[in-house]
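Let me give you the structure first, and then I'll get to my questions.
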Amino acid sequence: MRRIEFLGLSRAYGGQPALVDVSLTLAGGEIHALMGENGAGKSTLIRLIAGVTRADSMRVRIDGAEVPLASAADAARAGFRFVHQELHIVPQLSVAENVALGRPLPRRFGLAVDWPRLRAEAAAALARLGAVGIDPALPAGRLTTGERMLVRLAALLVAGDAAPRLYVLDEPTAALTHAESARLFAVLRDLARDGAAILYVSHRLDEVMALCHRVTVLRDGRVALAGPTLEIGRDGIIRAMTGREPRGAARPIERSDAAATAARAPVCRLDKVAAGRLSGLDFTLAPGAILGIAGLENAGQSELLRLFLGEGRIAAGRLEVLGRPRPSGPAEAWARGIALVPRERRAEALMPGRTITDNVVLPHLGRLSRPLGLARARAEARMARDMAAQVRLRFRALGQPVRSLSGGNQQKVVFARALAGAPRLLLLDDPTRGVDVDARADLHELVRGLAARGAGVILTSTDLTELLELGHSILILSAGRQAGLVPAAGLTPETLLGAIYRAGERAA
Amino acid sequence: MRRLRRYGTLIGFAGIVAAFAVLLPDTFLTTRNLLNISQQVSMLAVVAFSMTLVMAMGDFDLSVGSMASLAGVTAAAMFQAGHPVPAGILAALAVGLAGGLLNGVLVAWVGILPFVATLGTLTMFSGAAFVVSDGRTIFGRDIPEPFAAFARGGVEVAGVTLPALTLAALGVFLVVWVLLEHTAFGRRLYAIGGNAEAARLAGVPVARLRIAAFGLTGLGAAAAGLMYASRVASANPTQGAGLMLDAIAAVFLGMTMSEEGEPRVHATLVGVLILAVLANGLTQLRVDSYIREILVGAIILAAVGAAGLGRILGR
Amino acid sequence: MTTGGFRAGNSAGAMLLAGLLALAAATPAAAEGRVTVVTPYLAQPGTQFYVDGFKAAAAEEGWEVNVIDTAGDIAAAVARIEDAVTQGVDAIVINVDPAQVEAGLAQAQAAGIPVVGMDAGMHPMLATNVTSNGYAMAVETATYIVNRIGGAGNVVMFVFDPFPPVQMRGVIADAIFANHPGITVIDRVTPDVQDGGIADSRAKMEAILAANPEPGSIAAVWAAWDQPALGALQAIEAAGRAGEGIVITGIDANPQARDAIAAGGNFEASVAQDFIGIGRTAAGAVARLLAGETIREPVIYVPTRLITAANVAE
């Protein structure tokens, strides 16, 4: 039996360790699950063994023999094959060409492309995957996501100069239907039976339990647990993933404050709201309350927050914000005291080339300006300086472009913007992703402070610990449906994760 | 050193001026010639300044040249039909504003890329200019004397006559400068240019501002078309065509002067002056007009390329 | 890497500086006469002949000539005239409507630099304008018709009064035909020129032919320029009346007209302008001005030439 050993993998980004001395042993014929929360180091690990990112330290042994792994070419030579989350197919090319992508095409007399042979090879590879329904001559753009996945897999089967020894699949079922997933699993079992090792990265506990022989759980860049799946069991995996005890921070706001604010009108009230793929949203947010939204990845968290900005069409139910119907768009939302920290810092929040001041004051320009829209540079700078101090921003000058700040400080700029107007409803979409521990603590403190002054906060996070640290109550979303609303007190990350998975199972 | 990189284009400009001053000692750095240059470039300057508005958002407008032509022939056709000068001017500016707003609507609401949308309206405005003028040059008695006299006139300050066209361009410069540098409107335009989606989520009414900015650019193009028609005391349906590429070139030259590659209107002014000084000086040096064009193009590429290279290497 | 940017930024300036110096070295120092020719229309064939004629004559004089083409841009033409004034050339020659470049002419006048028009149009700020005589061209063809039809018969005229240079041709033809009592102008047609004038002229001529079916009822067609003459020719040939001896004349002698004349059909004559001659004569005017002479005539006419089957091949 073949053994592939990755030993002592370490990698730090800008002094922040992402992987610390992780070792992983894979065996031919085995499907090995790699699990962990977001940021636990899974992606880094995959990038290292794909040769895409240089490891700070790593040794690779195949059947006891040391092999080099410094580049993607090395990985290909070693017989490693990867299916990444984003499916790299070329929609304009035919299925057959996509299967052959990156390889020299078969030629007749060394000149003309031998199309029949190309198609026959593609058809054979697809047949091995049981995908006989896919016509190799079809443009790949017409395939469903699941079929594209199979095309990528077929490409892996025919690719490379070395026989495939290891397949790495990163969240392959994220976009697949149930039937497509089932077919994929059958193929993976076949590949394993033929002697290949498979590293299977997934958030989905059920799949892992059903499919994988062994599991390795990463937490904070280290191996938290490794062993046979059946021995460890579902609960063991969840415990290993969330293991960190909740930090003993001053979580609940003073009850007296809460009681005082509870008497006032609610910040928002949702009455059986359905919008897009969201449904059954039914809750009230009191001033000073922090509501955490929990759920599997992409269960509708962002869409829920964006409802309050006036986005998405409400199909049923009633939504009231700050005593009025919801705003018609982001402009009105900010004007009414609704502030957003978007999920994607680079794509949705920051103007990287513009200054700290420009980024902070943007939604508040209307208030800061004189009549006729004449800007007051000094008032803008004052707001930026005050807010920078409040969020403990580390910067050189207010005029420096935000792209020159570290990730955590960039996120603080986004917070400074959101908090500058003293919002009455603060929407936080995974607000501390990729933020270091110190900055994260600072940001949490700001959120609690704002709530203590009577604002309502709605928070999503891929980090369950964060949800429980900040949230007073937790709303569980399952495929867009409100599956539960529970007080955060008494919940642990394990019980919450269990509840999320149970909600998912009920939905399925 | 960082500053020197930013000021590379400015230094290049100073070098060009110095070179001409040496090579043309008697004629180049004279008040008359400098006023001439300012007047010669005034129409291009107005187009480039207003083009800076849309380029601040990361968009651009290819239709400004044909809009300038259209505005010119619109005014001339009004004069021909016996309307007074103010009516002709107002009609031309209204056409400019409407055309610009159309561009804005196509980009912001219909969602067509600015390149494609304004390429389409470029053709439309050009066709409209031919329709309005019947394909002919409107000149001679059809152009009222006061209208043509504007471009020849000026304001005397301390013994020097500042050309009216120069003053008009300075006026437009001031307006655009205040808009871009000193109003919430300008800050929001730059925010859109920095990251349109982020700006939208931060409450910037992106679509409305786009339409407004394109409208102003159309208005500026129309003003330039009127200045052109006044200067040549005539209007024909293609006379503004050359303005568009030069205006974009001027803004690009200006963009090489900012750290983040943002179009700023004072930098655009330098870009405009570089083009004007080159045309004036090289003519005086009797450089063949076709060679001159090759040289001007090469200089634009050199400046933009050098700045781009600097930015890449600086990463 | 900031230094790299500095280098790069400066290199553009340095490159230009070097180029300018090289150019300056290559340009001969002030010759006897420095003349700048400004035109937005160099791409048009007629203008190229003017400029060739001018350059040939200027070379004989030993002048230094700088031809500037602004590629259709009138404002740029104004600017370049101003630049030439600043540069202090001895004379400027323009091939553009003087009314459109008046701003530049005013500067030249103020600087005392003479400006000669080369088929530019008459203007008080021009020392003189060299061109063909539009009246004379109409005389040539109208008298040709009078002589060919023996001073009697019905004549169809194609005119275009909205455009002054063409309108004046019609006036002359009117006068000449009116001077012969035997000649009746049965129609004075203004064709639609959107498509160049041939197609609509043909349609108009077909209608006239239909209205005058008798052979010999139309003696001649006089056209103020070549396109209507070509249209009339097509109509006559299509109607099968080419054998009636209808005489057609045009003006301008464009290549299509020359072909028709050479073919020996009804299209018998047109008038050619002497473009090269206009260029040479403009140079002559410049020479007179440089010699200190004041040219009294605001327009200098260069003789035109009647083109018939006899000389069309030349």
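Could you give me the ³J(HN,Hα) list for the range A:319-334, computed from phi with Karplus coefficients 6.51, -1.76, 1.60 and θ = phi - 60°, whole Hz, x at Gly and Pro?
Along the range A:319-334, the couplings run 10, 10, 10, 6, x, 9, x, 5, x, 7, x, x, 4, 5, 4, 4 Hz.
Using the 10 angstrom Cβ neighbour count as an exposure proxy, how do A:412, A:272 rank, fewest first?
Going from sparsest to densest Cβ surroundings: A:272, A:412.
Hey, what do the phi angles of the range B:114-121 turn into as Karplus ³J(HN,Hα) couplings, whole Hz, using 6.51/-1.76/1.60 and θ = phi - 60°, x for Gly and Pro?
x, 4, 6, 4, 7, 5, x, 6
Separate question: Name the residues whose placed amide hydrogens come within less than 5 Å of the amide hydrogen of residue B:41, ignoring near sequence neighbours (fewer than 5 apart) on the same chain.
Residues meeting the amide H criterion: none.
Further, regarding this structure: Taking the simple approach of a point 7 Å from Cα along Cα-to-Cβ for both residue C:175 and residue A:222, what is their distance in nm?
Here the answer is 11.2 nm between the modelled labels.
What is chain C's relative contact order, in percent, from Cα pairs under 8 angstrom and six or more apart in sequence?
On the way: 598 pairs, mean separation 57.6, N = 314.
Computed over chain C, the figure is 18 percent.
Below 8 Å between Cα atoms, with a sequence gap of 6+, how large is the relative contact order for the range C:134-272 in percent?
Normalised by residue count, the contact order of the range C:134-272 is 26 percent.
For peptide B:285-296, what's the mean number of Cβ atoms from other chains within 10 Å of each residue's Cβ?
Mean partner-chain Cβ count within 10 Å for B:285-296: 5.
Taking the simple approach of a point 7 Å from Cα along Cα-to-Cβ for both residue A:138 and residue B:141, what is their distance in nm?
7.5 nm
While we're looking at this one, here's another question. Using only the Cα atoms of the range A:347-422, what are the Rg and Dmax in Å?
Radius of gyration, then largest Cα-Cα span, for the range A:347-422: 11.6, 37 Å.
If each Cα of the range C:134-272 is one equal point scatterer, what is log10 of I(q)/I(0) from the Debye formula at q = 0.21 Å⁻¹?
Each listed q corresponds, in turn, to -1.33.
Right, here's the next one. For chain C, find the longest principal axis of its Cα atoms and tell me its angle to the long axis of helix C:198-211, 0 to 90°, nearest 10.
It works out to around 10 degrees.
Return C:131, C:39, B:217 ranked ascending by Cβ neighbour count within 10 Å, so the fewest neighbours appear first.
Ranked by crowding around the Cβ, least crowded first: C:131, C:39, B:217.
If you don't mind, another one. How would you rank A:133-139, A:202-208, highest first, on the average number of other Cβ atoms within 10 Å across their residues?
A:202-208, A:133-139
Taking the Cα atoms only, what angle lies between the long axis of helix C:102-111 and the longest principal axis of chain C, rounded to 10 degrees?
Between helix and principal axis, roughly 50 degrees.
Pairs of alpha-carbon atoms within less than 8 angstrom and 6+ residues apart define the contacts here; what relative contact order does chain A have, in percent?
With pairs under 8 Å counted, the relative contact order is 15 percent.
Now a separate question. Once amide H atoms are built 1.01 Å from N in the peptide plane, which residues 5 or more positions from residue A:218, or in another chain, come under 5 Å H to H?
Residues meeting the amide H criterion: A:35, A:36, A:224.
Using θ = phi - 60° and the Karplus form 6.51 cos²θ - 1.76 cosθ + 1.60, what ³J(HN,Hα) does each residue of the range B:65-73 get, whole Hz, x for Gly and Pro?
x, 6, 5, 4, 4, 4, 4, x, 6
If you put +1 on each Lys and Arg Cβ and -1 on each Asp and Glu Cβ, how big is the dipole of chain B around its Cα centre, in Debye rounded to 20? Kindly include the intermediate steps, with their values, before the conclusion.
Working: 19 positive and 15 negative charges, 123 e Å.
Computed about the Cα centre, the dipole is about 580 debye.
Looking only at the range A:118-142, which residues have a backbone nitrogen under 11 Å from a spot 7 Å from the Cα of residue A:158 in the C-beta direction?
A:118-127, A:136-137
Same structure, new question: Between 0 and 90 degrees, rounded to the nearest ten: what's the tilt of helix C:74-87 against the longest Cα principal axis of chain C?
Compared with the principal axis, the helix lies near 50 degrees.
Across peptide B:135-143, how many C-beta atoms of other chains are within 10 Å of each residue C-beta, on average?
Mean partner shielding for this stretch: 2.
From other protein chains only, count the Cβ atoms within 10 Å of every residue's Cβ in B:199-212, then give the mean.
Partner Cβ neighbours, averaged per residue: 6.
Need one number: nm distance between label points at residue A:7 and residue A:284, each 7 Å from Cα along Cα→Cβ, rounded to one decimal.
6.4 nm
Skipping prolines and chain starts, which residues have an amide H placed within reach, meaning under 5 Å, of the one on residue A:479, given they are 5 or more residues away or on another chain?
A:296
Okay, next question. Cut-off 10 angstrom, C-alpha nodes, Gaussian network model of chain B. Which of B:178, B:46, B:270 fluctuates the most?
For chain B, modelled as a Gaussian network with Cα springs under 10 Å, the answer is B:178.
Also, I was wondering about something else. Quickly rank A:340-349, A:452-461, A:15-24 as a protection proxy: mean count of other C-beta atoms within 10 Å, highest first.
With the highest mean Cβ count within 10 Å placed first, the list reads A:452-461, A:340-349, A:15-24.
Pick from B:258, B:69, B:50: which residue has the top mean-square fluctuation in a GNM of chain B where Cα pairs under 10 Å get a spring?
For chain B, modelled as a Gaussian network with Cα springs under 10 Å, the answer is B:258.
FYI, it's all coordinate maths here, none of it is from the lab. Computed from a predicted model, the values in this text were never measured in an experiment. Neighbour counts run over all protein chains shown; Cβ positions are idealised from the backbone, glycine included.
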